[in-house]
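Structure, as structure tokens:
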Amino acid sequence: MTVMQQAPAPPAPGRRGVRRALPRTAAGRVRALAAAVVVALAATLAVTWAAVADARDGVRVIGRDAGPQVVATGDLYFQLTDMDAQLASALLIGRAEDLGVRRADAIARYDANRARAGAALLTAARLADERSEEETARDLLSGLGRYERLASQALLLDQQDAHAAGPPSARVTAVYRQATDLMKLDLLPKAYNLTLDNGTLVRHTYEDRRSAVRAGTVAVVVTGVLLLALLVALQVFLTVRFRRLLNPALALATLLVVGLTGLSTVMLLGQAERLRTAKEDGFDSILALSRTRAISNSAYADQTRYLLDPGRADTYEQVFFSKSQSVLYLRAGNLAAYNDAVQRQSGNGRYLGFLGVEAGRQGIPGQRAALARVVVGYRAFQADDRRLRQLTGAGERGRAVAARLGEARGFAAYDASLVRLAALHQDVFDDAIRDGEDGSRYWEYGLPAAGLAVIVLVLLGVRPRLAEYR
Amino acid sequence: MNPSIPRRLAAVLAAAALGAAGCGIAGADAASVTGKDELVIGVNRDQPGLALRTGGTYAGFDVEIAKEIARRLGVAADRVRFEPITSATREDRLTSGAVDLIVASYSITPERKTRVAFAGPYYVAHQDILVRRADTSVRNVRDLRGKRLCEVPGSVSFPRVTRERGVAAQSVKADGYAGCLAKLQGGELDAVSTDDLILAGLAAEAAKKGGEPLRIVNAPISDEPYGVGIARDDVAGCEAVNKAITTMYQDGTAAKLLRTWFGPVGLKVTTTVPQFEGCD
């Protein structure tokens, strides 16, 4: 009772503001504190629930929904480039049967790419969330139709001419030029931009969800600390007011809240980190490497076009050079100088371009070694290129064609090493998504259960004291 | 009971709430061009056809593209200010924030990408060749062997023909491409080689003034992706500019501008959207 008098209880007119709202009796104060505990508990559970939902949504969108779909549309670019590459190969091979590949092989691969490109385009169109993106997807579809018409026309004309391996007739070349220009100037840019747009969608989700999870974590800590403070206040009040030792039920509730808040915080921080890993170490690299592969494949096809269409050899050599530089950039004035620089470039030398960005990524087991193998493969691919151009320059186009279609295995090995590097990032991505899904599993049961337990404990702690007033 | 406990609690709560609010604000990007209602855009001032300043006004393809981008970003025409820049100053002007965007036949290169970000390209120009119309001997870059070719010190165009392509052309030096044009018309040299849009601008200028008619060879020997320079951290702005460029091509505005500025001189322009660099 002395405690009550310590807090001076002035006459009613003196009580102003918040104080006026405070209950006057001890029982009233206990009830008010208990009610505040329940409200704070509800707030803690609500913000934790919301943060867990944000984390789950982020993991779902990046791991199962838009993320994989965007990667699939990224492959659209590769399939389109490869269609044009296979068309060029088919036209260059002619009726030759003694090379590494036959015309029918190239046409079969063309058809397979066409089917996959169609499916990827559908996915991309489904992902489009703005009018301009839908329009791009529609333009792509109609452009693909035009490309196919030109391609079959070129193949038909070429069949009628039935030539040996090497450049086809002028009329075939003229049709092929139309087809490849359509592909290069119209279809490929649109396919690439569409993937960029789709990637934006994933980036926005990622940034939204990740900052929501982090803000949610702060809210969990804040409401958790408030709840703890109220529980401690209640404990102190009961101890002092009723001259008791520790109230065991309240103490247990307090411990439970400490545990819950701590666990929630650790779990949410972990989820935010897994989202980051999935997006930055997984998704970003997978997409970038898919582009690297497509651009490399297209550069490889520029070698074919260089042999196929001597009238445009300069242009095709120049685009080979600029594509090579976008993959692995080293300062060089021309292709020959670039080739020298690539051969001289040591394993840990600095370079820019797609592979340069990949070299800047760290902390993924095995990535360094896998990237080193990619660079070695790239060097071999460029060495093949040097030889091919030297043969052509020396007037030995026939041997260059044979080398391009038969012996030169550099590109295949390089391409395979890129696929292996991408697979490493895919593993990181899959692990992060799986951990993300496991990390918040059963929380939808755990949270209400913990909440119920705290309420029961608080009631158990408070009821006997309130009973003293009955 | 100590009455100050609720107060302390309130103080803790308030501090925590402030902390949470602070985190929320940190996520927003106040510096993005998407949030501005006026823009300063860096352009060239001495390139006919692309961006030429006469008196206080700028005219040309780059200038029109810049205006369209600003309009599509929601900035009124009278809120757009053009600022002359040079190749020596453009990166500093952008990083210091003196200009918001650069639209100035600014080729995207991996080295430049380490300092600034690029939206676009809004057009992929190609190095090409300009000759007198009567001269039919030049059909591709190899035909420049032994010809008198304009060399502008500091420009990469001449070495691209002689060193990169290994074509032994004779050098005739001039100050800037306007100087090259005068010498080409005066018969002091045979060919000028640089970006096709610059050549087309020069040819259009020459046609306006009369004199010897000129011809663009249409034999491209390089890709020059003209990007829109933007601050490196403004990813949202970069995406918005890309969207503006996309719609500019979709609704035919870009094709119309290309034909207006470069069509009359026989340059084959590409009227489909270029492949973007990407913003991240």
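The values are calculated or read from the model by the stated rules, or taken from the named source; none is laboratory data. Being a predicted model, the structure only gives us computed values, none of them experimental. Neighbour counts run over all protein chains shown; Cβ positions are idealised from the backbone, glycine included. Quick note on the areas: whole protein, heavy atoms, side chains included, nothing else; ligands and nucleic acids left out. Shrake-Rupley method; radii C 1.70, N 1.55, O 1.52, S 1.80 Å.
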Residue list for the stretch A:436-469, restricted to those being open to solvent by 60 Å² or more (accessible area, probe 1.4 Å), within 30 Å of A:E273 (Cβ to Cβ) and not in a helix (DSSP H, G or I): A:R441, A:Y442
Helices (runs of 4 or more DSSP H) enclosed by the stretch A:11-101 - at least 3 residues per element that are at pLDDT below 85: A:17-21, A:66-93
Of all residues making up the stretch A:156-174, the number that are open to solvent by 30 Å² or more (accessible area, probe 1.4 Å) and in a helix (DSSP H, G or I): 8
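Right, A:Y378: assigned to a helix (DSSP H, G or I), aromatic (F, W, Y) and open to solvent by less than 50 Å² (accessible area, probe 1.4 Å) or not? Quick ask: steps written out before the conclusion?
Details: assigned to a helix (DSSP H, G or I): yes; aromatic (F, W, Y): yes; open to solvent by less than 50 Å² (accessible area, probe 1.4 Å): yes.
Yes; evaluated as a whole, the condition is true for this residue.
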Test: B:V172 is outside the structural domain of B:S107 (by TED's automatic domain parsing) and free of Cβ contacts under 8 Å to residues at least 40 places away in the same chain: yes
Residues (more than 10 Å from chain B (Cβ to nearest Cβ), of a type outside the set (G, A, S) and assigned to a loop (DSSP other than H, G, I, E, B)) located in the stretch A:349-362: A:R350, A:R361, A:Q362
Residue within the stretch A:202-221 that is under 25 Å from B:D223 (Cα atoms) and assigned to a helix (DSSP H, G or I) present: no
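Being more than 9 Å from chain B (Cβ to nearest Cβ) and surrounded by 17 or more Cβ atoms within 10 Å (Cβ to Cβ) is the requirement here; does A:L140 meet it?
When the stated conditions are applied, A:L140 passes them.
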Residue match in the stretch B:186-194 (condition: outside the structural domain of B:A51 (by TED's automatic domain parsing), open to solvent by less than 50 Å² (accessible area, probe 1.4 Å) and assigned to a helix (DSSP H, G or I)): no
Residue in the stretch A:95-105 that is surrounded by 14 or more Cβ atoms within 10 Å (Cβ to Cβ) and closer than 17 Å to A:F78 by Cβ present: no
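Yes/no matrix, rows are residues, columns are (1) open to solvent by less than 20 Å² (accessible area, probe 1.4 Å); (2) within 11 Å of chain B (Cβ to nearest Cβ); (3) free of Cβ contacts under 8 Å to residues at least 60 places away in the same chain; (4) closer than 28 Å to A:T277 by Cα:
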{"position": "A:T180", "(1), (2), (3), (4)": "yes, no, no, no"}
{"position": "A:G199", "(1), (2), (3), (4)": "yes, yes, no, yes"}
{"position": "A:A219", "(1), (2), (3), (4)": "no, yes, no, yes"}
{"position": "A:V236", "(1), (2), (3), (4)": "no, yes, yes, no"}
{"position": "A:L250", "(1), (2), (3), (4)": "yes, no, no, no"}
{"position": "A:T254", "(1), (2), (3), (4)": "no, no, yes, no"}
Residue tally, condition within 23 Å of A:D208 (Cα to Cα) and in contact with a Phe, Trp or Tyr (Cβ under 8 Å, 6 or more places away or on another chain), over the stretch B:231-277: 2
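Filter the stretch A:165-180 for residues that are within 22 Å of A:D98 (Cβ to Cβ) and in contact with a Lys or Arg (Cβ under 7 Å, 6 or more places away or on another chain) and give the result. If you could, list the steps in order and put the result at the bottom.
Of the residues in the stretch A:165-180, the ones within 22 Å of A:D98 (Cβ to Cβ) are A:165-169, A:172.
Within the stretch A:165-180, just A:G166 meets the criteria.
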Subset of the stretch B:108-118 (residues that are open to solvent by less than 40 Å² (accessible area, probe 1.4 Å), out of contact with any Leu (no Cβ under 6 Å at 6 or more places or on another chain) and away from every other protein chain (no Cβ under 11 Å)): B:A117, B:F118
Criterion violated by B:P121 - all others in (1) within 14 Å of chain A (Cβ to nearest Cβ); (2) out of contact with any Gly (no Cβ under 6 Å at 6 or more places or on another chain) satisfied: (2)
Qualifying residue in the stretch A:398-411 (condition: out of contact with any Asp or Glu (no Cβ under 7 Å at 6 or more places or on another chain), open to solvent by less than 10 Å² (accessible area, probe 1.4 Å) and farther than 20 Å from A:A164 by Cα): no
Test set (1) open to solvent by 20 Å² or more (accessible area, probe 1.4 Å); (2) within 14 Å of another protein chain (Cβ to nearest Cβ); (3) without any contact (Cβ under 8 Å) to a residue 24 or more places away in the chain - A:L245 fails condition number: (2)
Residue that is over 18 Å from B:V63 (Cβ atoms) and in the same structural domain as B:P159 (by TED's automatic domain parsing), where the choices are B:G237, B:G211: B:G211
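Output the residues belonging to the stretch B:55-70 that are open to solvent by 40 Å² or more (accessible area, probe 1.4 Å) and at pLDDT 95 or above. Steps first, please.
Of all residues in the stretch B:55-70, those open to solvent by 40 Å² or more (accessible area, probe 1.4 Å) come to B:55-57, B:59, B:64, B:67.
Correct list: B:E64, B:K67.
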Members of the stretch A:311-348 that are assigned to a helix (DSSP H, G or I), at pLDDT below 85 and either more than 11 Å from chain B (Cβ to nearest Cβ) or surrounded by fewer than 16 Cβ atoms within 10 Å (Cβ to Cβ) (or both): A:G311
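When the residues of the stretch A:64-84 are filtered to those that are in contact (Cβ under 8 Å) with a residue 60 or more places away in the chain and open to solvent by 10 Å² or more (accessible area, probe 1.4 Å), which remaining residue is nearest to A:P448 (Cα to Cα)? Give the derivation first.
The initial filter retains those residues of the stretch A:64-84 that are in contact (Cβ under 8 Å) with a residue 60 or more places away in the chain, namely A:64, A:66-67, A:69-71, A:73-78, A:80-84.
Next, only the ones that are open to solvent by 10 Å² or more (accessible area, probe 1.4 Å) stay: A:64, A:69, A:71, A:75, A:77-78.
On the way: A:R64: 27, A:Q69: 35, A:V71: 38, A:D75: 44, A:Y77: 48, A:F78: 49 Å.
Checked the stretch A:64-84; the qualifying residue nearest to A:P448 (Cα to Cα) is A:R64.
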Residue under evaluation A:E134, criteria (1) open to solvent by 40 Å² or more (accessible area, probe 1.4 Å); (2) facing another protein chain (nearest Cβ under 9 Å); (3) out of contact with any helix residue (DSSP H, G or I) (no Cβ under 6 Å at 6 or more places or on another chain), criterion not met: (2)
